[in-house]
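Undergrad: Pasting a structure here, questions to come.
The values are calculated or read from the model by the stated rules, or taken from the named source; none is laboratory data. All of these numbers come straight from a predicted model, not from anything done at the bench. With ideal geometry, Cβ positions are generated from the backbone for all residues, glycine too; neighbour counts draw on all protein chains shown.
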Amino acid sequence: MSFTTIIQSSALKSLSELYGQSFSEKDFQINETKSEFEGDYTIVLFALVKTLKKSPEILGKELGEHLIKNYPDFFSAYNVIKGFLNLKITDSSLNRLLEENYQDENFGKPSHNDQKIMVEYSSPNTNKPLHLGHLRNNFLGWSVTEILKANGNEVIKTSIVNDRGIHICKSMIAWQMFAEGATPESTHEKGDHLVGDYYVKFNDEYKQQVNELVTSGKTKEEAEKEAPIMKKTQQMLLDWELAKPDVRELWSEMNRWVYKGFDETYKRIGSDFDHTFYESNTYLLGKDFVQEGLQKGILYKKEDGSVWIDLSDKNLDEKLVLRSDGTSVYITQDIGLAKQKFEEYHLDKSIYVIGDEQLHHMKVLKEIIRKLGMPFADKMYHLSYGMVELTSGKMKSREGTVVDADDLVNEMVATAEKHTTELGKVNDFTKEELKELYETLALGAMKFYLLRVDPKKRMIFNPEESIDFHGFTGPFVQYTYARIRSILRKVGEINDSGIKPGLSSDGLLPLERQLIIALEKYGNVISDASNEMNPSVIANYVFNLAKLFNSFYSEHSVSNAESDEKKQLRLCISVMTATVIKSSLQLLGIKVPERM
RNA sequence: GGCCCCGUAGCUCAGUGGAUAGAGCAACAGCCUUCUAAGCUGUGGGUCACACGUUCGAAUCGUGUCGGGGUCACCA
């Protein structure tokens, strides 16, 4: 039971004993006491004042007295200021919490198994390498998965790779025209970058051809349609659908290059999937329900043969689900894939980590599925996140302002190396150890930077700020962890009997209390983050915890504590803080270094 | 134009019904003979876009206005 739960239930019980009225948890709030007042937790009384017709002062005094009298083990003091009843928790409660949990690596995580959840994220196109936006997506998908797991759910990570369509044909055509057989091996370039380069070449060539046609008197629209390179690409797409061997072969080959490149990036940023769907396998899914929908009268056919659904009763337009030529559109396969996911995996929930520019699309998808009478519409959840923008505005591939994922990682690793070398604290590390440390710090900085803000909000990526290793950053938290590990190494081996927090006769000092109370909160933080599917809750929490520990560290000595009891107590606080930091960062996909 | 999201310190963000609105960065002033200074302590910095309303109480809820973004494809 968490402290807030204890306070809540004891207050409810006290109220009914005092006034013979029963209240629910919604009738009053419990907050942490603001630092300028005396106390740890605060019950806000105003709402009770009304129903009980008592002045806040009297009510607060009566409730405070009653709580202290009946729960002397838990509450040690109270005071009432205006409508706020401030309560102080006994040292013994705090000590007990510490004693019982300081070694528990699963502290704060419920042990029960709850739901089966699928998280789909990353979902790249195969014509371009991963960029900053994908990083936000990947970090978010990974972290939400970890958070849901920590909250007792079984989670399956998936990705749907958009491996077919006009975009990859563009890269293929440009490769045929310009590459002279170049491969990742022959050029020593990562496959995803190589294929991306030809996508760019396609666009350059296309633009040039259009311009030439325009100067020869065509309108822009005509020129865009008639540009030879575009015609070739469209023909290639048709050939692909007809499964022409030479086209399919090149397509497989180039996709293979891309996957190899993606795998390298995924491995480096610590992303992986339990199952990967490929659009080339799923793009025909969902056609079968069209017939069914037509029969049921949910879908209707227009004169040209195209099939539609009317969503106007849901304040949405009518939406096409099958083209007049009988081919399916994006949303058609989405319906099919959604169904396949639920049927194959028996999911309780299916989460889509997709940018907020697709909010409308996902709303339409869900509504169609509901109308078609599929039972899982309400189990689908679009975890939308805002676009990452640069200080100079949006990322535009055309203007070359896209921040490439691999470049960014490299840059961050170089920064980590520079800082580490300057500080010179790990000069005895081997080359391998150093390399690992740089990666840990670089990715810690990046992940923390992208996860510390509410996913729903769009965010500005400031290159200078993101490579900062001070303040509200991953390395700051990692540093706090390394610091604690250093204390523990110096103080000596920790064996189970070595640390036992004795009750210091001096009582707990303010920073000691604050730290234990902050640690106690961790379970609530995990469940909040899980309910909101919001990793920034964890990031903010762990930063505050680290900050608090650093204050404690500079104020009080662990190894040179005033007494042996104090030393044991502070060791326990340190051990538990390290554990919670490690655990929190792990929920963000961030590793901790023993030294840095 | 319809619908959706956002507007909090110079910048980037917390806070979503409670007390005198908080962090980090940037600026300034201190702190290494003691467990890692990637740290700690302090100072300055606010019309919570604006207006009206609901409430004992509003940055938080409602309505409207202004400003920014997204979306409304036989693209994916």
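Undergrad: Please state which one of A:Pro593, A:Pro535 is more than 9 Å from RNA strand B (Cβ to nearest atom) and in contact with a helix residue (DSSP H, G or I) (Cβ under 6 Å, 6 or more places away or on another chain).
TA: Of the residues listed, the single one that is more than 9 Å from RNA strand B (Cβ to nearest atom) and in contact with a helix residue (DSSP H, G or I) (Cβ under 6 Å, 6 or more places away or on another chain) is A:Pro535.
Undergrad: Look through region A:12-34, keep the residues that are within 33 Å of the chain's Cα centre (by Cα) and closer than 29 Å to A:Asp91 by Cβ, and return whichever of them is farthest from RNA strand B (Cβ to nearest atom).
TA: For region A:12-34, the residue satisfying everything is A:Glu25.
Undergrad: Kindly list, by first and then second residue, each pair from a residue in region A:379-403 that is free of Cβ contacts under 8 Å to residues at least 40 places away in the same chain and more than 29 Å from A:Gln340 (Cβ to Cβ) to a residue that is part of a strand (DSSP E or B) and not acidic (Asp, Glu), limited to pairs with Cβ atoms under 9 Å and residues at least 6 apart or on different chains.
TA: Cβ pairs passing all conditions: A:Thr401/A:Leu390; A:Thr401/A:Gly393.
Undergrad: Which of (1) under 20 Å from the mean Cα position of the chain (by Cα); (2) within 16 Å of RNA strand B (Cβ to nearest atom); (3) under 18 Å from A:Thr276 (Cα atoms) is the odd one out, the single condition A:Leu132 does not satisfy?
TA: (3)
Undergrad: Considering each of A:Ser551, A:Ser583 in turn, give the residue that is within 27 Å of the chain's Cα centre (by Cα) and at pLDDT 95 or above.
TA: Of the residues listed, the single one that is within 27 Å of the chain's Cα centre (by Cα) and at pLDDT 95 or above is A:Ser583.
Undergrad: When you scan region A:429-441, do you find a residue that is farther than 26 Å from A:Val558 by Cβ and of a type in the set (A, V, I, L, M), even just one?
TA: yes
Undergrad: Could you please tell me which pairs satisfy a Cβ distance under 8 Å, a separation of 6+ or placement on different chains, a first residue in region A:438-450 that is without any contact (Cβ under 8 Å) to a residue 40 or more places away in the chain and under 12 Å from A:Asn410 (Cα atoms), and a second residue that is acidic (Asp, Glu) and in a helix (DSSP H, G or I)?
TA: Taking only residues 6 or more apart or on different chains, the pairs are A:Tyr438/A:Glu417.
Undergrad: Still on this model: Just to be sure before I move on: is A:Gly108 within 27 Å of the chain's Cα centre (by Cα) and within 30 Å of A:Gly64 (Cβ to Cβ) in the structure I sent?
TA: yes
Undergrad: Would you confirm whether or not region A:402-409 contains a residue that is small (Gly, Ala, Ser) and within 12 Å of RNA strand B (Cβ to nearest atom)?
TA: No; the residues of region A:402-409 include none that is small (Gly, Ala, Ser) and within 12 Å of RNA strand B (Cβ to nearest atom).
Undergrad: When you scan region A:559-569, do you find a residue that is within 11 Å of RNA strand B (Cβ to nearest atom) and within 35 Å of the chain's Cα centre (by Cα), even just one?
TA: There is no residue in region A:559-569 that is within 11 Å of RNA strand B (Cβ to nearest atom) and within 35 Å of the chain's Cα centre (by Cα).
Undergrad: So which residues in region A:538-553 are buried (at least 20 other Cβ atoms within 10 Å of the Cβ) and more than 8 Å from RNA strand B (Cβ to nearest atom), if there are any at all?
TA: Answer for region A:538-553, where residues must be buried (at least 20 other Cβ atoms within 10 Å of the Cβ) and more than 8 Å from RNA strand B (Cβ to nearest atom): A:Ile538, A:Ala539, A:Tyr541, A:Val542, A:Leu545, A:Phe549.
Undergrad: Kindly indicate whether A:Arg96 is of a type in the set (Lys, Arg), within 25 Å of A:Leu390 (Cβ to Cβ) and out of contact with any Asp or Glu (no Cβ under 8 Å at 6 or more places or on another chain).
TA: Against the criterion (of a type in the set (Lys, Arg), within 25 Å of A:Leu390 (Cβ to Cβ) and out of contact with any Asp or Glu (no Cβ under 8 Å at 6 or more places or on another chain)), A:Arg96 does not qualify.
Undergrad: For region A:35-70, enumerate the residues that are over 40 Å from the mean Cα position of the chain (by Cα) and not in a helix (DSSP H, G or I).
TA: A:Lys53, A:Lys54, A:Ser55
Undergrad: Specify which of the listed residues (A:Glu464, A:Glu439) is more than 6 Å from RNA strand B (Cβ to nearest atom) and either in contact with a helix residue (DSSP H, G or I) (Cβ under 9 Å, 6 or more places away or on another chain) or closer than 17 Å to A:Leu135 by Cβ (or both).
TA: The unique qualifying residue is A:Glu439.
Undergrad: Quick one: which of A:Gly270, A:Gly305, A:Gly286, A:Gly326 is modelled with pLDDT of 95 or more and not aromatic (Phe, Trp, Tyr)?
TA: From the options A:Gly270, A:Gly305, A:Gly286, A:Gly326, the qualifying one is A:Gly270.
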